[in-house]
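Trainee: Let me begin by handing over the structure; questions about it come next.
The values are calculated or read from the model by the stated rules, or taken from the named source; none is laboratory data. Since the structure is predicted, the reported quantities are computational estimates derived from the model, not experimental observations. Positions of Cβ are generated from backbone atoms using ideal geometry, with glycine treated the same way; all protein chains shown enter the neighbour counts. Just so you know, the surface numbers come from the protein's heavy atoms only, side chains and all, with ligands and any DNA or RNA stripped out. Shrake-Rupley method; radii C 1.70, N 1.55, O 1.52, S 1.80 Å.
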Amino acid sequence: MATENRINFWRRNAKVPGSVQPVYGAQHPPLDPRLRRTYPKDTKLKTNNVKSKKASSFHEFARSTNDAWDIEDEEDEDFLGNPASSTSLPSGLHSASIVSTYNQHNSEDLVPARRDIPTTEGDILQEVQEEEECRYVNGKVVKSSSEVHLSTCSVRTTLQKQQSLPVRPVIPLVARISDQNASGAPPMTVREKSRLDKFKQLLASPNTDLEELRKHSWSGIPREVRPITWRLLSGYLPANKERRELVLKRKREEYFGFIEQYYHSRTDEHYKDTYRQIHIDIPRTNPLIPLFQQPVVQEVFERILFIWAIRHPASGYVQGINDLVTPFFVVFLSEFVAEDMENFEVAALPLDTQRNIEADSFWCMSKLLDGIQDNYTFAQPGIQNKVKALEELVSRIDEDIHNHFKKYEVEYLQFAFRWMNNLLMRELPLRCTIRLWDTYQAEAEGFSQFHLYVCAAFLLEWRKEILSMVDFQGLLMLLQNLPTIHWGNEEVNLLLAEAYRLKYTFADAPSHYKR
């Protein structure tokens, strides 16, 4: 019966992976039909090839779900003067392109209207008491304000899900992301001021102690010093203070040298498919945040991604890389914007400032991708290995969840591929991603090794909801629509603490966990 339900889901259900559907944690509203994924008409994706047996490999999974993709939609817009009849990824990404499409979630529920924020301690305490419930799972207290609202037998409609969320203030998507869990600008506490002073002291020294900087950054970086700290932790800037200005000047000039040398070739036959894919994906990047819908910002992203792609021919551009630019761009923009960043007009900044933000975002993104490039090479072996490692790790951590997935034939690849490909950026609000990356940059191999434990902790966070779902479709839809829209620093800190515990509890894990 479970197998039959699974086949019927792939064949008939409109809300399949890769289609436009609500995503709670990401910022992706329903997309213009012109921007939906298309495939060449001669691509033979037959619906009668669905097999009931369990997929045992990446390629079998791709084949077993090939009827989930919409192959009839045509691109309406003319691109570079030619009608777009297909979507092309860099050569070499054949089987991987199908699974990349699987991870293309281009929609999200509309953000609820902002509500008044409690202004007194009594209001806040009352709100917490009304909204938060403590549950015991395996003898451990688990806080989840959403667990009592999820259906135990089926997935609710988008409207029902929206109404079931706790009544809490909508947190700004970008502004003041590092400082708080609610809008406004509360006074800095004594502890926060002490931490900021410590960061300033480290950064002002003639040779910054990077190990000490990482130690203090693990629990979060103050907004005021995050830009320079990220540049240092990513390896973009040297520890020696006297050399920093010279290095910045040289690297920024080098980047714009690449622009002059290569960007004009985006219309060439060899590169036009890469540029076309980037051009299509850019409007899908955080579409609910006005900042990213500005033409000047989208042009910045196009240049960054195109230059990176042609300088890394082993992978080229792969869907998902566009998301990885946004945290760097926002952090470096925050040096010049105090508040309301999500609505700030970037074109109002001096041209030199715009260029510096762009170049710094390019180099820091490049440093990140250098450590996980096998995630984006042919067939994306890095992601396949990490998904398999997550499966084995969860089987050791929580056998109930693991067996629940097996019982209802849910493959880890079906939900965790996107977690690895996009570093959880589609599951969490942008403010949470930036806080998460403070720790990733402070942690050794944070974006590769430690991210695995964060994903495991993230899965365990929804343990009760997962075990309450008793069908394949319900499980998959839950895992693709986890309600994190109200998450802030507190939730991310708890997630990281659990990931840290898992890392050291399972320090004897097989070596492939550390790939």
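Trainee: For the stretch 197-271, list the helices (runs of 4 or more DSSP H) that sit wholly inside it and hold at least 3 residues that are surrounded by fewer than 16 Cβ atoms within 10 Å (Cβ to Cβ); which are they? Steps first, answer last, please.
Mentor: Numbers: elements: 210-217, 226-233, 241-262.
Ranges flagged: 210-217, 241-262.
Trainee: With the requirement that a residue be of a type outside the set (Gly, Ala, Ser), open to solvent by 40 Å² or more (accessible area, probe 1.4 Å) and out of contact with any Asp or Glu (no Cβ under 9 Å at 6 or more places or on another chain), what does the stretch 368-396 give you? Walk me through it before giving the result.
Mentor: Filtering the stretch 368-396 for residues of a type outside the set (Gly, Ala, Ser) gives 368-370, 372-378, 380-381, 383-388, 390-394, 396.
Now narrow it down to the ones that are open to solvent by 40 Å² or more (accessible area, probe 1.4 Å): 370, 373-374, 378, 381, 384-385, 388, 391-392, 396.
Result: ASP370, GLN373, ASP374, PHE378, GLN384, LYS388, GLU392, ARG396.
Trainee: Next question. Taking the residues in the stretch 334-356 that are acidic (Asp, Glu) and assigned to a helix (DSSP H, G or I) as candidates, determine which candidate is most open to solvent (accessible area, probe 1.4 Å). I'd like the intermediate steps shown before the answer.
Mentor: We begin by selecting, within the stretch 334-356, every residue acidic (Asp, Glu); these are 335, 339-340, 342, 345, 352.
If we keep only those that are assigned to a helix (DSSP H, G or I) as well, we get 342, 352.
Values: GLU342: 18, ASP352: 106 Å².
Across the stretch 334-356, the extreme among qualifying residues is ASP352.
Trainee: Going by the conditions given, is SER395 touching a helix residue (DSSP H, G or I) at 6+ places or on another chain (Cβ under 7 Å) and within 25 Å of THR326 (Cα to Cα)? Steps first, answer last, please.
Mentor: Working: touching a helix residue (DSSP H, G or I) at 6+ places or on another chain (Cβ under 7 Å): yes; within 25 Å of THR326 (Cα to Cα): no.
It is false that SER395 is touching a helix residue (DSSP H, G or I) at 6+ places or on another chain (Cβ under 7 Å) and within 25 Å of THR326 (Cα to Cα).
Trainee: A further question on this structure: Just to confirm my filter: which helices (runs of 4 or more DSSP H) fall fully inside the stretch 409-515 and include at least 2 residues that are out of contact with any Gly (no Cβ under 6 Å at 6 or more places or on another chain), more than 24 Å from ASP323 (Cα to Cα) and open to solvent by 10 Å² or more (accessible area, probe 1.4 Å)? It would help to see each step written out before you state the result.
Mentor: Values: elements: 413-421, 430-442, 451-461, 463-468, 472-480, 489-505.
Fully inside the stretch 409-515 and qualifying: 463-468, 489-505.
Trainee: Among the residues of the stretch 388-403, is there at least one that is without any contact (Cβ under 8 Å) to a residue 60 or more places away in the chain, of a type in the set (Asp, Glu) and assigned to a helix (DSSP H, G or I)? Full working, then the answer.
Mentor: Narrowing the stretch 388-403 to residues without any contact (Cβ under 8 Å) to a residue 60 or more places away in the chain: 391, 395, 399, 402-403.
Cutting the leftovers down to of a type in the set (Asp, Glu) gives us 391, 399.
In the following step, the residues that additionally are assigned to a helix (DSSP H, G or I) were identified as 391, 399.
The answer is yes; a qualifying residue exists.
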